[in-house]
Amino acid sequence: MQSSSSNSLSNQSDIQQRIQSFVVMNRIPRIDLANMGFIDPTVVGLIPEDTARQFNVLAYAQENGRLLLAMANPFDLLAKTIIRQRTGYSIEVGFAPKGQILEEIEKYYSQKANLEESMKELVDFEVDEEDEENDEEQLRIQAEDAPAIKFVNLLLLQATQDRASDVHIEPQEKEVKVRLRVDGILREISPPPKRMQSGIISRIKILGGLDIAERRVPQDGRTKIKILGRQIDIRISTLPTIYGEKVVMRILDKGSVSLNINDIGFEPRLMTKFKEVLMQAHGMILVTGPTGSGKTTTLYSALNYVNSPEKNIITVEDPVEYRLKGINQIQARPQVGLTFAAGLRSILRQDPDIVMVGEIRDRETAEIAIKAALTGHLVLSTLHTNDAISTVIRLINMGVDKYLICSALSLVIAQRLARRICLHCKTEHKPEEDIILRLQSLNVDTDSITFYKGTGCDHCGGTGYWGRLAIYEFFLLYPEIKEMITENASEETLRKKGQELGMESILQYGLKKVRQGLTTIDEIMRIL
């Protein structure tokens, strides 16, 4: 038996040596997982755990639409075929020692917290009934109780692992509702006992540097914590309700957000146009869409692309969500007079090359931004409109002169975020009849589309979706468009002309993603 065992070990060692020799001969890159630092668990999770263990493979990054893999045997054709089929990505393979891969598999697949199980330990813990007249000292004692600390820690861990953007803690009459916003949709998770409400909220307020004794007025704060080896910024907002303070924690996970311009999802044709406009010395780029549609991420990616030591880039934002190296960022403070307009005026005295304004909310800010774009500055900003064409109409309605808009505005991008179909439970699907009729009323040939949806599985938490993709509408202000604007053309006339010049509407772009099997038609209808 010993001889057989040692022969087996010897054979495995020989195989590994041969693989390493082939790696060198074929110039396959070596991946040093031990010194790589943080690996996004979302990327790791694209490969099911059983597949990762079976083939000794780890997904460690996404780049330009490809999935980068570290494999103990990069010549395993079966493994690569299965991974392509299960993930839907094209792959790029590198070599890493089997020991390193197994260590990372244990690290990333075994750290998933089960909040529901942990809550069972808290249910039987005795806490005094909540008293609205609790003084500050009593609230502080409750906040420092082990169950309150444990719950908040587990909640933030769960939110980070589930890729939540927001955590809602909502006191009700007889319960405390806890919801996470994942991929833009709120979903409930297991709540704590009602009697822990005061301690949990006080604990969160202490983390955010808020006044725990003040429960009559809204408060805002922020904190930084370290979860799973990476820094997480958390913005905290409290709001007094009839059953206690409602708390919302906005999670800004820098490690899960790519600010590489090539990762924002533009098609090659649109990306080329976008980069051309960004390299202009002056002009204005506006990104529009509802709250939570990824406008700020698009602008940050654009700033990263143009950032260089030769350019002075200044932003005024409210709030500053991500700190960008080499860029001067200003936090707007309306309460002390530092509004977007005031900040923009000051920025223009700082010899800027590129300016970003967090949002254009009024005529004053719009006019200053447009005049800056006309005087040799590239200006980027956001606006809340439903589509790209209506952005021009909105600026006109604000009172901005048409000739200024035509002279300054170079590009408008309307943006939405649609949920991706989970690749682990993707299946063909026939939409509801009302969806089919609605599409047909929009002159869409539904017979030419194969529709898909996710049935729901453990990987996606039963939702059928995993992650999001961006849906865009590009509106370039060609000379013909500018002439029509000065002649008071209607919104519908501008839209028809834009489509003649190659502009795709959000619906058309979304249908393209439906045809590619990346999202569902229900999701496209939801975000329009």
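So with the 1.4 Å probe, I'd like the accessible area per residue for the chain, rounded to whole Å².
Details: 25430 Å² over 528 residues.
So the chain comes to 48 Å² accessible per residue, rounded to a whole number.
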- Normalising by the residue count of the range 195-327, find the relative contact order in percent from Cα pairs under 8 Å and 6+ residues apart. 15
- Query: Using just the C-alpha positions of the range 374-528 as equal point scatterers, what log10 of I(q)/I(0) does the Debye formula give at each q in 0.10, 0.11, 0.18, 0.20 1/Å?
  - Reply: -0.46, -0.54, -1.04, -1.18
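I'm a student and want to see the number: the projected area of the Cα convex hull of the range 326-386, averaged over all directions, in nm².
Details: hull surface 18.8 nm².
Value for the range 326-386: 4.7 nm².
Å³ per residue of the Cα convex hull, for the range 300-424? Present the calculation step by step, with values, prior to reporting the outcome.
Numbers: hull volume 17.9 nm³, N = 125.
Spread over its residues, the Cα hull of the range 300-424 gives 143 Å³ apiece.
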- Query: Cα centroid distance between the range 454-528 and the range 397-442, in Å?
  - Reply: 3
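How much mean residue ellipticity at 222 nm does the chain get from its helices, if each DSSP H run of length 4 or more adds -39500 (n - 2.57) and you divide by all residues, to the nearest 500 deg cm²/dmol?
Details: 20 runs with 206 residues, N = 528.
About -11500 deg cm²/dmol.
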- Task: Please report how far the C-alpha centroid of the range 297-316 lies from that of the range 353-373, rounded to the nearest whole angstrom.
- Result: 16
- Task: Could you work out the relative contact order of the chain, using alpha carbon pairs under 8 angstrom and six or more residues apart, expressed as a whole percent?
- Result: 9
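Let me have the relative contact order for the range 466-528, percent, based on Cα pairs under 8 Å that are six or more residues apart. If you can, show how the numbers build up before the last one.
Values: 31 pairs, mean separation 22.8, N = 63.
So the answer I get is 36 percent.
Placing unit charges on C-beta atoms (Lys and Arg positive, Asp and Glu negative, everything else neutral), compute the dipole magnitude of the range 391-528 about its Cα centre in debye, rounded to 20.
Working: 18 positive and 18 negative charges, 94 e Å.
Dipole of the range 391-528, to the nearest 20 debye: 460 debye.
Give, rounded to the nearest 20 debye, the magnitude of the charge dipole that the chain has about its Cα centre when Lys and Arg contribute +1 at Cβ and Asp and Glu contribute -1 at Cβ.
The dipole of the chain has a size of about 1700 debye.
Taking the square root of 5 times each eigenvalue of the Cα gyration tensor, what semi-axes in Å does the equivalent ellipsoid of the range 170-235 have, largest first?
On the way: eigenvalues 85, 73, 27 Å².
Semi-axes from the Cα gyration tensor: 21, 19, 12 Å.
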- Task: Can you pull a Stokes-Einstein diffusion coefficient for the range 229-375 at 4 °C (1.567 mPa s), Rh from Kirkwood over Cα pairs, as a whole number of µm²/s?
- Result: 76
- Taking the highest mean first, how do the peptides 403-413, 86-96 order by number of other beta carbon atoms within 10 angstrom per residue? 403-413, 86-96
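Ignoring ligands, DNA and RNA, please state the percent of accessible area on the chain from carbon and sulfur, probe 1.4 Å.
Details: 12020 of 25430 Å².
Result for the chain: 47 percent of the exposed heavy-atom area is carbon or sulfur.
Distance cut-off 22 Å, Cα to Cα: go down the list K194/K226; K482/K512; K177/K453; K430/K496; K273/K295; K273/K325 and report the pairs above it.
Working: K194/K226 28 Å; K482/K512 28 Å; K177/K453 29 Å; K430/K496 31 Å; K273/K295 18 Å; K273/K325 26 Å.
Over 22 Å Cα-Cα: K194/K226; K482/K512; K177/K453; K430/K496; K273/K325.
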- Message: How charged is the neighbourhood of S90? Take every other residue with its Cβ under 14 Å from the Cβ of S90, and add Lys/Arg as +1 and Asp/Glu as -1.
- Response: +2
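All other residues with a Cβ under 14 Å from the Cβ of R179 taken together, and with Lys, Arg as +1 and Asp, Glu as -1, what is their net charge?
On the way: positive: K177, R181, R187, K246, R250; negative: D162, D166, E170, E175, D183, E188.
Neighbour charge sum, excluding R179 itself: -1.
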- Query: Any idea which of P334, P192, T288 is furthest toward the positive side of the dipole for the chain, if Lys and Arg beta-carbons carry +1 and Asp and Glu beta-carbons -1?
  - Reply: T288
- Query: Sorted from largest down, what three extents in whole angstroms do the Cα atoms of the range 390-456 have along their principal axes?
  - Reply: 51, 29, 19
- Message: Please flag any cysteine in the chain that has no other cysteine's Cβ under 4.7 angstrom from its own Cβ.
- Response: C406
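The values are calculated or read from the model by the stated rules, or taken from the named source; none is laboratory data. From a predicted model like this one, the values you see are computed outputs, not experimental measurements. Methodologically, a virtual Cβ is constructed for each residue, glycine included, from the backbone with ideal geometry; neighbour enumeration extends over all protein chains shown. The protein model used for the area step is the full one, side chains on, heavy atoms only, and it has no ligands, DNA or RNA in it. Shrake-Rupley method; radii C 1.70, N 1.55, O 1.52, S 1.80 Å.
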